[in-house]
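Remarks on the structure that follows.
Rule-based calculations on the coordinates, nothing more; no lab input. Computed from a predicted structure; not experimentally measured. Neighbour counts run over all protein chains shown; Cβ positions are idealised from the backbone, glycine included.
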Amino acid sequence: MSKKDDANDGQSFENDLRSRIWVTGQINDDWSYTGMIENTQDFYGESANKGDEDTSFQRAYVEGKIGGLNVTAGRYNAFFANGNIYDARVDGAEVSYGDKVKVTGFAGKGTDAAGTDAESNGTYAGGELSANFNKLNVAAGYVNFTDIKATSAQHETDLDDAIWYVGADYNFGDVTLSGMYLKGDASENGEDVTDVNTDGWTAGLAYKGADASDAGSWGLFANYYDLGGMTYIAHTTDANTFDNDGFKGYGVGANYTFAKNIVGTVAYYDTENKLNSKVDDQRVWADLTFTF
């Protein structure tokens, strides 16, 4: 697994504007199409205001039904294990069956870079069994990633990681308590990886939540992470995850709907490297989202 050897000893500041144009259409009674073009403009740092901001076709997928199966296929955002394993773009397909009790299968290729030098998130396949018992939701699943970082010139290795997980969340009215345990089994060039932790857990607490359609609505959230390097590929958090060394720490934040379709979020994260506790990171994340 890759390591981040140097600490972030100084302070840094970044800001950018991300614009997304969504295109949706109904193909027929059972199938729909979604596409999305994204542009990112940097306002601070070496890449700021150079006129070469990135614009790309980030999503292009169909959703529909085949018999009793719900199908999503194309380039979309995959969300495995509530984002604890993966929350990024893929080229793939997802098939699910059921309502209160649901079986889901998925396979594809991770198309977002896992790091620098155009590293790949590899190919993946897996499944999940989930159940909804009114206030209680439970889920267990497995996903196997192969050929991670295969496209990077600096990482000409065969890195695989099979991860299973079990989690639950319970709703107490306005409060939701969640938790998940994960365990990975990684190998590099056919040999077991032994220099990073194999398992980990995370817990979260949320109160209410901002609703874009309800001006004045708001929410609070807090999460704690203790995740080994084998338990995630592209974690959903905005905290520093130290590549695949593993990380532990916490994040707290709040969101608020200033007006209809205008939602602000601010969060603070404090995490440290699981392999070296002297390597840590504190960051403030803030965003303002307009939808129309």
Task: Of K65/K109; K183/K208; K183/K274; K149/K274; K65/K102, those spanning more than 26 Å from alpha-carbon to alpha-carbon - done: K183/K208
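How much length would be gained if the chain were fully extended between Y207 and K100, taking 0.36 nm per residue of separation minus their Cα-Cα distance, in nm to one decimal? Don't skip to the answer; put the middle values down first.
Working: separation 107, 0.36 × 107 = 38.52 nm, distance 2.42 nm.
Gain in length upon complete extension: 36.1 nm.
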Task: Modelled FRET efficiency - R0 22 Å, V266 with I37, Cβ distances, 0.05 increments - done: 0.20
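Using the Kirkwood radius over Cα pairs, work out the Stokes-Einstein diffusion coefficient for the chain at 37 °C and 0.692 mPa s, in µm²/s as a whole number. Display every interim value, and only then the final one.
Working: Rh = 20.7 Å.
The Stokes-Einstein estimate is 159 µm²/s.
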Task: Part-to-part distance (alpha-carbon centres) for segment 188-215 and segment 228-292, which is given in Å - done: 10
TODO: Compute the distance in nm between two label points, each set 7 Å from the Cα along the Cα-to-Cβ direction, one at L288 and one at S56.
DONE: 2.8
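With a cut-off of 8 Å between alpha carbons and a minimum separation of six or more residues, what is the relative contact order of the chain in percent?
Details: 790 pairs, mean separation 33.4, N = 292.
Reported as a whole number, the value is 11 percent.
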